[in-house]
1. Take residues that are farther than 23 Å from Leu184 by Cα and tell me which of the helices (runs of 4 or more DSSP H) falling wholly in segment 52-153 contain 3 or more.
2. In contact (Cβ under 8 Å) with a residue 24 or more places away in the chain, within 14 Å of the chain's Cα centre (by Cα) and more than 30 Å from Ala173 (Cβ to Cβ): does that describe Phe87?
3. Which of the residues spanning segment 176-194 are under 26 Å from Val40 (Cβ atoms) and either within 18 Å of the chain's Cα centre (by Cα) or exposed (fewer than 15 other Cβ atoms within 10 Å of the Cβ) (or both)?
4. For segment 18-51, enumerate the residues that are hydrophobic (A, V, I, L, M, F, W, C), in a helix (DSSP H, G or I) and open to solvent by 40 Å² or more (accessible area, probe 1.4 Å).
5. Being on the phi > 0 side of the Ramachandran plot and surrounded by fewer than 17 Cβ atoms within 10 Å (Cβ to Cβ) is the requirement here; does Gly120 meet it?
6. Can you go through Gly101, Gly85 and tell me which one is farther than 22 Å from Gly11 by Cβ and at pLDDT 95 or above?
7. Please work out which one of (1) open to solvent by 70 Å² or more (accessible area, probe 1.4 Å); (2) over 25 Å from Ala34 (Cα atoms) is the condition Val143 fails and give its number.
Amino acid sequence: MRKIHSTSSTGSVVNDHTQGRYLDDPAYEELWSALEELRVPLYLHPGSLPCDDWHVMRGRPEMYGASWRWQAETGGHAMRLIYAGVFDRHPAATLILGHLGEFLPFQRSRIDSRYRSLRGDEPLQRMPSQYFGSIILITTSGVLAPEAVQAAVLTIGADAVMFAVDYPYEDTADAVASIEKADLPSQVKEKVAHLNARRVLRI
């Protein structure tokens, strides 16, 4: 791969799968190496085109898109990356998940519990939950409940949560209020509101 050097704020966005292939595919090893070399994050965003036809949603159009499906699919993609050992091979990579982590931060204890009994052929170097807050960071996009923002900070750490709006789906003023009304110290709110993004994105 050609060497590329980055001196400015930058990053990458992938809308979930790419023609049915997920980012744990061996073809993407060079991508992860480049992200480490450049010290830029990859934002894993829901995609508009589903990879699979889930029977659970047939006849229930309410579950498509941002209501439920996008979070479940993108969260599942992130779990594939963890279990495939992508972050063990690329420990300097940074993955960003929107929508308060696509359900995952609030399942950390259960994910670890089930991993203890269902380990695969190549054990991870740490428990699955420990990739959250270090390699995997989250944004608040689309989740406007102050209690949920507070819980996310308490769950994966004040340095791992970044403010986002999810325009045009959500109102900017409501997104700001979700930070302002959260029961968090002012210095933590400052981190979530802008300091974490400045550090991660180097802006």
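The values are calculated or read from the model by the stated rules, or taken from the named source; none is laboratory data. None of these values were measured; they are calculated from a predicted model. FYI the Cβ positions are ideal-geometry reconstructions off the backbone, even for glycines, and counts take in every protein chain you see. Side chains included, ligands, DNA and RNA excluded: accessible areas come from the protein's heavy atoms. Shrake-Rupley method; radii C 1.70, N 1.55, O 1.52, S 1.80 Å.
1. Numbers: elements: 69-83, 86-89, 99-102, 108-117.
Helices (runs of 4 or more DSSP H) meeting the threshold: 69-83, 86-89, 108-117.
2. Values: in contact (Cβ under 8 Å) with a residue 24 or more places away in the chain: yes; within 14 Å of the chain's Cα centre (by Cα): yes; more than 30 Å from Ala173 (Cβ to Cβ): yes.
Answer is yes for this residue.
3. Glu190, Lys191, Val192, Ala193, His194
4. Going residue by residue through segment 18-51, those that are hydrophobic (A, V, I, L, M, F, W, C) are 23, 27, 31-32, 34-35, 38, 40, 42, 44, 49, 51.
So of that shortlist, the ones also in a helix (DSSP H, G or I) come out as 27, 31-32, 34-35, 38.
Of everything in segment 18-51, those that are hydrophobic (A, V, I, L, M, F, W, C), in a helix (DSSP H, G or I) and open to solvent by 40 Å² or more (accessible area, probe 1.4 Å) turn out to be Ala27, Leu31.
5. Numbers: on the phi > 0 side of the Ramachandran plot: no; surrounded by fewer than 17 Cβ atoms within 10 Å (Cβ to Cβ): yes.
No, not satisfied.
6. Details: Gly101 fails: farther than 22 Å from Gly11 by Cβ.
Every option except Gly85 fails the conditions.
7. Of everything listed in (1) open to solvent by 70 Å² or more (accessible area, probe 1.4 Å); (2) over 25 Å from Ala34 (Cα atoms), Val143 misses just condition (1).
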